[in-house]
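Peer 1: Let me begin by handing over the structure; questions about it come next.
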Amino acid sequence: MAEIPVPRTYPEALAAWQLQVQINAEIQTKLQALQQQLDWFRRQLFGQKSERRVPPPPVEQLSLGQEFATTEETPAPARSVAAHSRAHARRPEDRAESLSFFDKSRTPVEVIALPAPEIAGLDPSAYEIIDTKISYRLAQRPGSYVVLQYERPVVKLRETGTLHTAPAPISVLEGSRADVSLIAGVLLDKFVYHLPLYRQHQRMAAEGLRVSRSWLTGIVQEAIFLLSPIYEAQFESIRQSRVLTMDETPIKAGRREQGKMHQGYFWPVFGDAQEICFPYAESRGTIHIRELLGPLSAGTVLLSDGYAAYTRFQKETEGLIHAQCWAHSRREFVRAEAHAPEAVAEALEQIREFYRVEEEIRSQGLGGEAKRRYRYTHSRPRVAQFFRWVERQLTDSAFLPSNPFTKALGYVHSRKGPLQLFLEEPDVPIDTNHIERQIRPIPLGRKNWLFCWTELGAQHLGIIQSLLSTCRLQEIDPYDYLVDVLQRVSRHPAKDVAQLTPRLWKERFADHPLRSDLYRSQQRH
């Protein structure tokens, strides 16, 4: 900080005073910024991260434990009724036993007979079984690994003297002892249930399996390599969508220098056919959007958050229409709640009205032109009223430009056009929440496997996560899908590989998928 000289004259004193005022204002601005950062870190560590706002209960609703005021009432006159018998109500535990809590076609059931103690030692002719009561208990085995032993007898034909035997079963990974059921299970444990390979290796060792951790890594890499053509076909299908949703999320992949990991990014892209891909790029620059999306048709809509790279890409791409997310706009006001609680509450209430209209559209099952007309009638006046309110706040507000509430107002005001696009385009969602829900497995996985050792590993993670997330979107069992396509991909025509993407696989193969030998063995028994 510059040292202020001692003034000797009035002009020097005035200049010194003005300099001190400027320095104090800068210190105050820095202090406010640091306080905002501190509040943000406190909220991340100790506070509520949910942005949900529950409206206050009605005034007439009593609090928990509050009793009604007691009043003296005249007892009702008694009268006699005819005696009758009443059936006993079923006990809660009996009702629970009659409820089905599992799928018998998927969950193995072991039957344990419990004979009545009263018939112990009696001859079977001394009693008869008139009914059977069934109770269920959910149990768990320590592990579920199975070794398949294939016995192939060698036969000699007496007539010709030649020897014959059945060929060894073909593995989906050449020369590997891993059955397709194990490969699918390892992939699901790691990328759906976030169980790192070293923990899976520990579980295998506890079950008496002597395999190396590098062997597990190898089968994961080889399996994802087999699936990569399916991923490419799905990404190409997404690029043909008229409405694209895009976001980005960080991932540490590869070493930048000794002791430090490189910060890369997944750029998830969501298509209008309920498909998603997670391509990996080494940075967060605009160039990667251009490389990943390629040439787009005129009239394509790109829905994103407020990150400036998408705006730059839209300006560089002829015919591209840019829409932005209302959930991110709302988030800006939530961050400013402590600085202007009353004004923020009013902003959140107005935005809530937009979402109420969207909920009504979903409940009525509206789409296409009917959806556009409903938004035009119900949402458009509310959106116009909101932006008039924003302009008044910017004009009349006494907050400094550095105040979070002023920043929130400026955020939505500068994006007025992209935020209103959903009113004209019925296929454009009001926010990007649908893609953010699919991104969740990435940060959840990072808490367990922490990082990708190489950028190739990050690319493989994006490939398998793309297929698994799309399986969830298409309501497909990812285990059945992986078991089928890992066996099918090597024999399927390369020109028709798009048929193996989850969306088209559901139409063509889901009713009769390829099964593993383990499944067929269990069916026989």
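The values are calculated or read from the model by the stated rules, or taken from the named source; none is laboratory data. Owing to the predicted nature of the structure, the values given are computational and were not obtained by experimental measurement. Every residue, glycine as well, gets a Cβ built from its backbone with ideal geometry; the counts of neighbours run over all protein chains shown. Quick note on the areas: whole protein, heavy atoms, side chains included, nothing else; ligands and nucleic acids left out. Shrake-Rupley method; radii C 1.70, N 1.55, O 1.52, S 1.80 Å.
Peer 1: Give me the number: length gained by fully extending SER214 to LEU514, i.e. 0.36 nm times residue separation minus the C-alpha to C-alpha distance, one decimal in nm.
Peer 2: Full extension from SER214 to LEU514 adds 105.2 nm.
Peer 1: Say the dipole of the chain comes from +1 at the beta carbon of Lys and Arg and -1 at that of Asp and Glu; which of LEU394, GLN28, ALA347 then lies farthest toward its positive end?
Peer 2: Looking along the dipole axis, the top candidate is GLN28.
Peer 1: Also: With +1 on the Cβ of every Lys and Arg and -1 on the Cβ of every Asp and Glu, and nothing else charged, how large is the dipole of segment 403-525 about its Cα centre, in debye rounded to the nearest 20?
Peer 2: Dipole about the Cα centre, nearest 20: 340 debye.
Peer 1: Quick check on the chain: what does the Kirkwood estimate of hydrodynamic radius come out to from the alpha carbon pairs, in Å?
Peer 2: Radius from the Kirkwood sum: 29.9 Å.
Peer 1: Could you tell me which chymotrypsin sites (Phe, Trp or Tyr not before Pro) in segment 461-525 are loop residues by DSSP with no more than 15 other beta carbons within 10 angstrom of their beta carbon?
Peer 2: Of the chymotrypsin sites (Phe, Trp or Tyr not before Pro), not one in the loops of segment 461-525 has a Cβ with at most 15 other Cβ atoms within 10 Å.
Peer 1: Would you mind computing the Rg to Rh ratio of segment 328-441 from its alpha-carbon coordinates, Kirkwood style for Rh?
Peer 2: Rounded to two decimals, Rg/Rh equals 1.00.
Peer 1: Just how far, in whole angstrom, is segment 442-479 from segment 355-389 if you go by their alpha carbon centroids?
Peer 2: Measuring centre to centre over Cα atoms gives 35 Å.
Peer 1: Which Rg and Dmax, in Å, describe the Cα atoms of segment 342-397?
Peer 2: When restricted to the Cα atoms of segment 342-397, Rg and Dmax are 13.4, 41 Å.
Peer 1: Further question: Which helices count as membrane-span-like in the chain under these terms: full DSSP H, at least 30 Å along the axis by C-alpha, Kyte-Doolittle mean of 0.0 or more?
Peer 2: Both cut-offs are met by 213-239.
Peer 1: What ranking, highest mean first, results for peptides 409-417, 332-340, 15-23 when packing means the other Cβ atoms within 10 Å averaged over each residue?
Peer 2: 332-340, 409-417, 15-23
Peer 1: Also: At 0.36 nm per residue, and after removing the present C-alpha to C-alpha distance, how many nm does the segment from GLU291 to ALA205 gain when stretched out fully?
Peer 2: My answer for the length gained is 26.5 nm.
Peer 1: If you don't mind, there's one more thing I want to ask. Against the globular-protein guess of 2.2 N^0.38 Å, express the Cα radius of gyration of segment 232-273 as a ratio, rounded to two decimals.
Peer 2: With N residues counted in segment 232-273, Rg over 2.2 N^0.38 Å equals 1.61.
Peer 1: Which semi-axis lengths, in whole Å and largest first, follow from the square roots of five times the eigenvalues of the Cα gyration tensor of segment 240-344?
Peer 2: Here the semi-axes work out to 25, 24, 12 Å.
Peer 1: In whole Å, what are the Cα extents of segment 362-500 along the three principal axes, biggest one first?
Peer 2: 67, 42, 27
Peer 1: For MET204, what accessible surface area do you get with a 1.4 Å probe? Give it in Å², rounded to 10.
Peer 2: Taking all protein chains as shown, MET204 has close to 0 Å².
Peer 1: Also, quick follow-up: Report the far tail of the P(r) of segment 432-511, meaning the percent of Cα-Cα pairs longer than 22 Å.
Peer 2: That tail contains 35 percent of the Cα-Cα pairs.
Peer 1: Which order do LYS371, LYS133, LYS315 take by accessible area at a 1.4 Å probe, largest first?
Peer 2: Sorted by accessible area, descending: LYS133, LYS315, LYS371.
Peer 1: A further question follows. Mind checking the log10 I(q)/I(0) for segment 188-303 at q = 0.11, 0.12, 0.18 Å⁻¹? Debye, one equal scatterer per Cα, no solvent, two decimals.
Peer 2: So the normalised log intensities work out to -0.53, -0.61, -1.06.
Peer 1: Over all directions, what mean area does the Cα convex hull of segment 142-242 project, stated in square nanometres?
Peer 2: Result: 10.8 nm².
Peer 1: Mind giving me the FRET efficiency for LYS156 and ALA120? R0 is 60 Å, r the Cβ-Cβ distance, nearest 0.05 is fine.
Peer 2: Calculated transfer efficiency: 0.60.
Peer 1: Hey, another quick one. Evaluate E = 1/(1 + (r/R0)^6) for SER144 and HIS164, where r is the Cβ-Cβ distance and R0 equals 30 Å; express this FRET efficiency to the nearest 0.05.
Peer 2: The calculated FRET efficiency here is 0.25.
Peer 1: Give me the net charge for the shell around GLY218: Cβ to Cβ below 13 angstrom, other residues only, Lys and Arg +1, Asp and Glu -1.
Peer 2: 0
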